[in-house]
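Quick one: the structure is below, and I'll ask about it shortly.
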Amino acid sequence: MRWSLVLIIAAASLALSACVRPVSDHTPTPIVIPPQPPASVKINLLKTVNITTETEGGSARPEIVATADRVFVLYLGNISKGGDRFFGLKIFDREMSYTIISKTMVSTTSQYGGPTDIRVASDGQHLYAFYETHKPTSPTTGTTYLWGAKYTLDDNFDRVAYTAAPIASSKPMAELQDGGELLDDPAPPL
């Protein structure tokens with residue numbers, strides 16, 4: 001048994017040494033990948049659901065999390081009326097046939113301004129939201145704030161944790177040189 005193992009190792013060593021040349025003599029063989037036909041991706045529209053109407057001020061930037069029996073939609077609301085934007089929530093049944101609950105999560109305040117952008121993630125039990133607010137400090141300048149919150153993924157959508165003060169603040173991207181953005185998108189914390 002011992003000799004057969006030695007012979008196998010010796011044979012493997014000879015085979016390997018025959019394949020390996022010194023670095024100076026080795027020119028790598030280019031890898032040629034044959035052309036492939038373009039992939040065909042098809043997305044079928046299942047259903048269109050209006051989150052808000054124009055009379056409600058419209059909506060933008062929806063973030064969606066789905067569980068086995070609910071669809072949670074967070075969105076920037078009151079975008080067409082100007083003024084007091086908010087982050088709203090609508091919880092739908094799994095087919096998105098009816099709204100179970102609708103509520104405002106974040107409102108415009110005099111201290112930190114109005115909501116501008118939101119990103120969410122989920123672990124199946126909770127929804128984690130990172131969002132921005134923007135407060136104008138003059139007609140051409142302002143301050144942007146980053147916040148975070150954690151909510152239960154159920155019909156109550158209770159807030160179970162949040163930042164009482166901003167995580168970070170910065171001038172808005174439009175006021176800074178390229179690369180000077182400290183805070184422009186709440187996506188990186190996710």
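In the range 88-116, whose amide N lies under 19 Å from the spot 7 Å out along Cα-to-Cβ of ALA161? List them in ranges.
It comes to no residues whatsoever.
Nearest 20 debye, what's the magnitude of the dipole of the range 54-175 about its Cα centre given +1 on Lys and Arg Cβ and -1 on Asp and Glu Cβ?
Computed about the Cα centre, the dipole is about 340 debye.
If you take every residue apart from ASP158 with its C-beta less than 15 Å away from the C-beta of ASP158, what net charge results, scoring Lys and Arg +1 and Asp and Glu -1?
+2
On to the next question. Taking loop as defined by DSSP and a crowding limit of 11 other beta carbons within 10 Å, which GluC sites (Glu not before Pro) in the range 69-178 fit?
GLU95
Quote to one decimal, in nm, the extra length available between THR108 and ASN44 on full extension: 0.36 nm per residue of separation minus the C-alpha distance between them.
Taking THR108 through ASN44 to full extension adds about 19.3 nm, to one decimal.
Which of the lysines could a cross-linker bridge to LYS103, judged by Cα under 20 Å and excluding same-chain residues fewer than eight apart?
Filter leaves LYS81, LYS90, LYS150.
Restrict the search to the range 85-182; then list the trypsin sites (Lys or Arg not before Pro) that DSSP places in a loop and that have at most 12 other Cβ atoms within 10 Å of their Cβ.
Here the trypsin sites (Lys or Arg not before Pro) that fit, given the DSSP loop and packing criteria, are ARG94.
Also: Please name which of PRO136, TYR151, LEU74 has its Cα lying farthest along the dipole of the range 54-175 towards the positive end, using unit charges on Cβ (Lys, Arg +1; Asp, Glu -1) and the Cα centre as origin.
My answer, from the dipole projection, is PRO136.
Between GLU175 and ASP69, how high is the FRET efficiency from 1/(1 + (r/R0)^6) when r is the Cβ-Cβ distance and R₀ = 41 Å? Nearest 0.05.
0.35
Something else about it: Between the range 38-71 and the range 113-133, what is the C-alpha centre distance in whole Å?
With the range 38-71 and the range 113-133 each reduced to a Cα centre, they are spaced 17 Å.
Each value in this text was obtained by applying a stated rule to the coordinates, not by laboratory testing. Treat the numbers as computed from the prediction; the structure is a model and nothing was measured. Positions of Cβ are backbone-derived with ideal geometry, glycine not excepted, and every protein chain shown enters the neighbour counts.
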